[in-house]
Every structure is written in C-alpha cells, then in structure tokens.
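Scroll down for the structure; my scribbles are underneath it.
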Amino acid sequence: MGLDVGWAVRWLTLSAQAMAEHRVELIELDRPIGDSDHGENMDRGFKAVMDKLAETPPETPAAALKLTAMTLMSKVGGAAGPLYGTAFLRAATALGEASDVDAATLAAALQAARDGIVARGKAESGDKTMVDAWTPAIEAAAAA
Ligand SMILES: [Mg+2]
C-alpha cells in the first residue's frame with residue numbers, strides 16, 4: 001500500500017497536535033539561549049497549516065507538504081520558519097507528483113528535507129542543532 005494524500009494530511013495533523021501538546025516545553029527550552037517564542041511560533045504555524053489544509057485540500061502528498069512549507073515560511077518567525085519551510089519544500093520536490101509514494105521514496109524525501117536544513121542553516125551533525133535529531137530519525141526510516 002502506498003502513502004497517499006490522506007496519509008500526508010494525517011502526518012501533518014499529528015505534527016500539529018504534537019506542537020500544541022509540547023508548546024510550553026518548547027517555550028521553556030528556548031528560554032536559556034533564545035527568546036522563549038519557539039513553542040508559540042511552531043504552534044501558531046502548524047495551526048495555520050491545519051487551516052490551509054482545510055481551506056484548500058491538497059490532491060497529492062507533495063501538494064500537502066508544499067502547502068505546509070509555504071504556510072510555515074509566512075507564519076513562523078525567527079530561524080525556524082525558513083528552516084522548516086525549506087525542509088518541507090525539499091521533501092515535496094523529492095516526492096514528485098505521484099498520488100501514492102512508497103517507503104523508499106519517503107525515506108529519500110526525509111533525507112532531502114534534512115539536506116535542505118543543513119544547506120539553509122549551515123549546520124552539520126554534532127553542532128547541537130535539530131540536524132542531530134533529524135539524522136538518526138532518517139537513518140531509522142531508511143533502515144525500516
Ligand atoms: Mg525565537
């Protein structure tokens with residue numbers, strides 16, 4: 001069974017729920033070295049993604065991810081908006097126009113997302129950035 005647009009929307013919905021659920025934790029984590037707005041920004045951004053997905057239902061998995069990218073870039077401030085926007089845009093490009101994607105294509109899309117973050121943020125593994133979380137997750141996805 002392929003991964004269709006319904007799967008993509010469920011993934012984004014669960015992401016939005018996770019952002020809402022961990023909003024305060026993200027704010028606390030952003031306090032020591034940031035300006036305590038990361039949880040607020042990500043929660044607002046993903047709520048806007050949910051609104052956009054309802055307003056303009058996407059027809060392919062890539063369309064869902066592209067809509068997410070555009071929304072996060074316009075709604076999330078600081079570095080996170082461009083970084084997540086780039087990640088979702090690169091993933092959308094890697095998925096192509098297919099209505100269903102297979103597991104290997106998904107793993108390649110996640111890899112493309114991580115590479116986009118690395119390129120945009122100029123971070124490497126070990127720099128204590130989100131790249132350190134993405135990389136093992138992508139390796140696990142590829143192995144699975
Ligand atoms: Mg901030």
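All of the numbers you see were taken from the coordinates with simple rules; none came from a lab. In this text the structure is predicted, and so the values were computed from the model without any measurement. Cβ coordinates were reconstructed from backbone atoms using ideal geometry, including for glycine residues, and neighbour counts include every protein chain displayed.
Relative to 2.2 N^0.38 Å, what does the C-alpha radius of gyration of region 39-110 come to as a ratio? Two decimals please.
Here the answer is 1.09, to two decimals.
For region 72-142, GluC sites (Glu not before Pro) meeting the loop criterion (DSSP other than H, G, I, E, B) and having at most 14 other Cβ atoms within 10 Å: Glu97, Glu124. If you look at the Cα atoms of the chain, you get an Rg and a Dmax of 14.8, 45 Å.
Of all stretches in the chain that contain no trypsin sites (Lys or Arg not before Pro) in a DSSP loop with at most 15 other Cβ atoms within 10 Å, the longest one is 1-121.
Rounded to the nearest angstrom and listed largest first, the equivalent-ellipsoid semi-axes of region 68-136 from its Cα gyration tensor are 21, 16, 8. Normalise the Debye intensity by I(0) for region 103-144, one equal point scatterer per Cα, no solvent, then take log10 at q = 0.14, 0.24, 0.33 Å⁻¹ and round to two decimals. Each listed q corresponds, in turn, to -0.28, -0.75, -1.12.
In plain terms, the residue of His38, His22 with the fewest other Cβ atoms within 10 Å comes first and the most crowded comes last, giving His22, His38. Gain on full extension, evaluated as 0.36 nm per residue between Ala144 and Ser74 minus their Cα-Cα distance, stands at 21.8 nm.
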